[in-house]
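First the structure, in the form of C-alpha cells, and then the observations on it.
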Amino acid sequence: MAAQNDPTPVPQVARRRETVGPVRPADETRRLTVADQAQTYNGYCVKCKEKRDFEGRIEVSKTGMNMAKGKCPACGTTVNRILGKAKV
C-alpha cells in the first residue's frame, strides 16, 4: 500500500484526426444561390422518364458545379441540370 498516492504515468494513445482535409463551411454557405430570378431550363425528370422544361434557380453544388435546380411541372419531383464548372 505504499503506492496509493504515487502518480504512475498513464500511457498516451495516439488519437486519430476527426476531419481529413480542409474544413468545409456550413451547408448553407456551400450552396450559395447565384441567380435570384427563376429561369426556364430543360432537364430530364427521372420519375417521368422524359425531358421537361422547368423553372429553376442556379445553385453551386458541393463539388463546385453550377446546376439549375427546380421542380418538374408534371409530377413535382426535383429536377437538376448540371450547367458547368462554377467561376470563383
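Bear in mind that the values in this text are calculations on the coordinates, not laboratory data. In this text, all values refer to a predicted model and were calculated from it rather than measured experimentally.
Taking amide H atoms as placed 1.01 Å from N in the peptide plane, list the residues 5 or more away in sequence, or in a different chain, whose amide H sits under 5 Å from that of Thr77.
Cys72
I'd like the Karplus ³J(HN,Hα) series for the range 48-60: coefficients 6.51, -1.76, 1.60, θ = phi - 60°, whole numbers in Hz, and an x wherever there's a Gly or Pro.
Values per residue, Gly and Pro as x: 7, 6, 9, 7, 9, 7, 9, 7, x, 10, 7, 10, 9 Hz.
Under the rule of at least 5 residues apart or a separate chain, name every residue whose amide H is placed under 5 Å from the amide H of Leu83.
The answer is Asn66, Met67, Ala68.
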